[in-house]
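The values are calculated or read from the model by the stated rules, or taken from the named source; none is laboratory data. Quantities reported herein were computed from a predicted structural model and do not represent experimental measurements. Using ideal geometry, Cβ is built from the backbone for each residue, glycine included, and neighbour counts are taken over all protein chains shown.
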């Protein structure tokens, strides 16, 4: 995807990423973390804002910083970086709320043709998975880098 | 090719910042992780293609 992205920083393991969203409400530090789950090679994608006053991380906050496309493209860039380093990884992602999950779906839908060149993309239904389809409301998403 | 050109390619440029290794053994989004484990327990995993 040839989209504008924020500069990314990461630790050496490429499991934690930080970038700074710069929009209408100012600068907001964003953190992305790929955390191992109870399943082998399966990582959960966590994403939220860092409160510079308290040092806490909040994945429920709605920043409304006017740069959601650039933020989404940057999160996708972390996915490329993470799966470059961990090519066998499966990555699970869901929103902190239904509406946030819907936002993720809209983002994936918008770029699905590009994303599917490099990743297998699945959507989670109530009791099953299917290959990602547009206009289906999923509970969560799972991606695997095409090797 | 300048820096901006490189940045537009699929492979992102990542600046290594060792201070972020501080978070490696910490779970920053524990509720999300718990939710993921719970949902995966229920539905299992999809069949993914092998290399």
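Taking each residue of the stretch B:27-48 that is at the interface with chain A (Cβ under 8 Å from one of its Cβ atoms) and without any contact (Cβ under 8 Å) to a residue 40 or more places away in the chain and looking for partners that are surrounded by 12 or more Cβ atoms within 10 Å (Cβ to Cβ) and in a helix (DSSP H, G or I) with beta-carbon atoms closer than 6 Å, six or more apart or interchain, yields B:27/B:33. Restricting attention to the stretch A:106-134, the residues that are in contact (Cβ under 8 Å) with a residue 12 or more places away in the chain, more than 12 Å from every other protein chain (Cβ to nearest Cβ) and over 22 Å from residue A:43 (Cβ atoms) add up to 2.
Yes or no, residue by residue, for (1) loosely packed, with under 15 Cβ neighbours inside 10 Å; (2) closer than 17 Å to residue A:95 by Cα; (3) modelled with pLDDT under 95:
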site	(1), (2), (3)
A:114	yes, no, yes
A:118	no, no, yes
A:121	no, yes, no
A:128	yes, no, yes
A:144	no, no, no
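Residue-by-condition table, conditions (1) part of a strand (DSSP E or B); (2) closer than 21 Å to residue B:35 by Cα:
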{"residue": "A:101", "(1), (2)": "no, yes"}
{"residue": "A:107", "(1), (2)": "no, no"}
{"residue": "A:112", "(1), (2)": "no, no"}
{"residue": "A:117", "(1), (2)": "no, no"}
{"residue": "A:122", "(1), (2)": "yes, yes"}
{"residue": "A:130", "(1), (2)": "yes, yes"}
{"residue": "A:138", "(1), (2)": "no, yes"}
{"residue": "A:143", "(1), (2)": "yes, yes"}
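Within 11 Å of another protein chain (Cβ to nearest Cβ), closer than 19 Å to residue B:35 by Cβ and not in a loop (DSSP other than H, G, I, E, B) - does that describe any residue in the stretch A:5-23? No, the stretch A:5-23 contains no residue that is within 11 Å of another protein chain (Cβ to nearest Cβ), closer than 19 Å to residue B:35 by Cβ and not in a loop (DSSP other than H, G, I, E, B).
Quick check on the stretch A:96-105. Is at least one of its residues touching a strand residue (DSSP E or B) at 6+ places or on another chain (Cβ under 7 Å), surrounded by fewer than 21 Cβ atoms within 10 Å (Cβ to Cβ) and within 10 Å of chain B (Cβ to nearest Cβ)? No, the stretch A:96-105 contains no residue that is touching a strand residue (DSSP E or B) at 6+ places or on another chain (Cβ under 7 Å), surrounded by fewer than 21 Cβ atoms within 10 Å (Cβ to Cβ) and within 10 Å of chain B (Cβ to nearest Cβ). Here B:21, B:17 are screened, and the one residue that is over 22 Å from residue A:91 (Cα atoms) and modelled with pLDDT of 90 or more is B:17.
Residue-wise test of (1) part of a strand (DSSP E or B); (2) over 15 Å from residue A:103 (Cα atoms); (3) within 12 Å of chain B (Cβ to nearest Cβ).
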residue	(1), (2), (3)
A:47	yes, no, yes
A:64	no, no, no
A:81	no, yes, yes
A:84	no, yes, yes
